[in-house]
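Have a look at the structure below, then the notes.
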Amino acid sequence: MPKPTDPALKASPWTDSDAKPYVRVEKLTKSFGEFKAVDDVSLNIYQGEIFCLLGASGCGKTTLLRMLGGFEKPSSGRIFIDGEDMTGVPPYERPVNMMFQSYALFPHMTVEQNVAFGLKQDRVAKAEIRERVATMLELVKLGGFAQRKPHQLSGGQKQRVALARSLVKRPKLLLLDEPLGALDKKLREHTQFELIGLQHRLGVTFVVVTHDQEEAMTLASRIGVMDHGEIVQSGTPSEIYEFPSSKFVADFIGSVNIFEGRLIEDEPAYVRIASPELGGIIHVGHGISAASDTVVWAAVRPEKINMSTEAPTATDNVARGAVQDIAYLGDLSIYLVKLPTGKVVRVTQPNTSRHAEAITWDQQVYLSWDDSSPVVVTR
């Protein structure tokens, strides 16, 4: 176990068995009649994290967020924030603020008045309100916009006003529900990094709900992937992407090729999988916990597949097919290659040279990958 003073441990407190979670969720369930929107969720979130709840619409992530904020009452289970039991504590008495997807700005108020609203409700002294609002507007780069009304702002500026209003009360925990969903793609990407920088400067713990995988991968220190009211896997973005725990997670996060097959060799150092979908053998350079002849699935990311017009010398982890479609995206190209089995394999290749040999439609190509590339899942 690393020492608590190690920089790596400070950046990942969830690896320290002695670290105390800032937010602790214990067996939380929320039912609407017979339907369980959140189903027996337990979760630890640590101080200073950006924790993203990621999942498709209806998976329960917003319901979980609303229970953290006190806007929904759990059917069972408990929530602790900074060591205090929040059971029965109303939203306005929790050390929490929530930024809604719609931003919910008051149209008749100026930017300054919108940001100051919560402080006025709390009867903070006028001089302190002015100081805190001015400081926060500078922090979100809206110092010159204090007297504008919401209709005079762009989408990105409105988002920053809503963020400033949420943060000016100095919450211990900030809940963000699809905070960048209303922004266009380029502005959203730019704002993601602004949000990370702002959170690092303030040290506030963020819990973010999003259905956007790229957004979660960019923002999060850790991600909780939700499905049917459960957190099916939690971990760092790289852990979720490189080591999915199930077919669902592998397929939901990014693009992936999943080949079904049966274990034909199961050794401590490697396994071999016979896959009718591939039309060959998949060799994986590590053992797994499964019996011989078990049905398993091998997940291979598109960027880990090599594509060539020349046949490789290896026989495992190899397939031959015809290029069915090509998408040129500037920095990379996506190839859909149809195998004789009918399986379509997705391959991505970076466009590192303007004069690279072109692979075109209907061309016969060979696909191959290293034995460290597949991830084997048994469910």
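The values are calculated or read from the model by the stated rules, or taken from the named source; none is laboratory data. What you see is a predicted model; the values in this text were computed from it and never measured. Counting neighbours? That spans all protein chains shown, and the Cβs are built from the backbone with ideal geometry, glycine included.
Out of curiosity, is ILE129 hydrophobic (A, V, I, L, M, F, W, C), touching a residue at least 60 places away in the same chain (Cβ under 8 Å) and not in a loop (DSSP other than H, G, I, E, B)?
No, not satisfied.
Inspect all residues belonging to segment 204-224 and state whether any of them is of a type in the set (Lys, Arg) and in the same structural domain as LEU163 (by TED's automatic domain parsing).
yes
Return only the number of the condition from (1) assigned to a loop (DSSP other than H, G, I, E, B); (2) of a type outside the set (Val, Ile, Thr); (3) over 24 Å from VAL376 (Cα atoms); (4) touching a strand residue (DSSP E or B) at 6+ places or on another chain (Cβ under 8 Å) that GLY330 does not satisfy.
(4)
On the given criteria, is LYS141 exposed (fewer than 12 other Cβ atoms within 10 Å of the Cβ) and basic (Lys, Arg)?
So LYS141 fails the test.
I need the full set of residues from segment 179-214 which are in contact with a Pro (Cβ under 9 Å, 6 or more places away or on another chain) and either among the acidic types (Asp, Glu) or under 11 Å from LEU54 (Cα atoms) (or both), in order please.
Scanning segment 179-214 gives VAL208, VAL209, THR210.
Restricting to segment 142-173, name every residue that is within 23 Å of TYR22 (Cβ to Cβ) and in contact with a Ser or Thr (Cβ under 6 Å, 6 or more places away or on another chain).
Of everything in segment 142-173, just one residue is within 23 Å of TYR22 (Cβ to Cβ) and in contact with a Ser or Thr (Cβ under 6 Å, 6 or more places away or on another chain), namely LEU173.
Would you mind finding the one in ALA274, ALA322, ALA311 that is over 17 Å from THR378 (Cα atoms), assigned to a strand (DSSP E or B) and more than 30 Å from the chain's Cα centre (by Cα)?
Result of the check over ALA274, ALA322, ALA311: ALA322.
Could you list all residues from segment 145-178 that are assigned to a helix (DSSP H, G or I) and over 17 Å from GLU194 (Cβ atoms)?
PRO150, HIS151, GLN152
Out of segment 179-191, which residues are crowded, with 19+ Cβ neighbours inside 10 Å and either out of contact with any strand residue (DSSP E or B) (no Cβ under 9 Å at 6 or more places or on another chain) or modelled with pLDDT of 80 or more (or both)?
Passing the criteria: PRO179, ARG188, THR191.
Output the residue which, of all residues in segment 102-116 that are surrounded by fewer than 17 Cβ atoms within 10 Å (Cβ to Cβ), among the hydrophobic types (A, V, I, L, M, F, W, C) and at pLDDT 90 or above, is nearest to GLY143 (Cα to Cα).
MET109
Please state which one of GLY321, GLY342, GLY330 is exposed (fewer than 11 other Cβ atoms within 10 Å of the Cβ) and at pLDDT 95 or above.
When all the criteria are applied, what remains is GLY342.
Considering each of PHE80, PHE106 in turn, give the residue that is aromatic (Phe, Trp, Tyr) and in contact with a helix residue (DSSP H, G or I) (Cβ under 8 Å, 6 or more places away or on another chain).
Exactly one of PHE80, PHE106 is aromatic (Phe, Trp, Tyr) and in contact with a helix residue (DSSP H, G or I) (Cβ under 8 Å, 6 or more places away or on another chain), namely PHE106.
For segment 171-191, state whether one or more residues are within 16 Å of THR135 (Cα to Cα) and either touching a residue at least 12 places away in the same chain (Cβ under 8 Å) or more than 17 Å from the chain's Cα centre (by Cα) (or both).
The answer is yes, given that some residue of segment 171-191 is within 16 Å of THR135 (Cα to Cα) and either touching a residue at least 12 places away in the same chain (Cβ under 8 Å) or more than 17 Å from the chain's Cα centre (by Cα) (or both).
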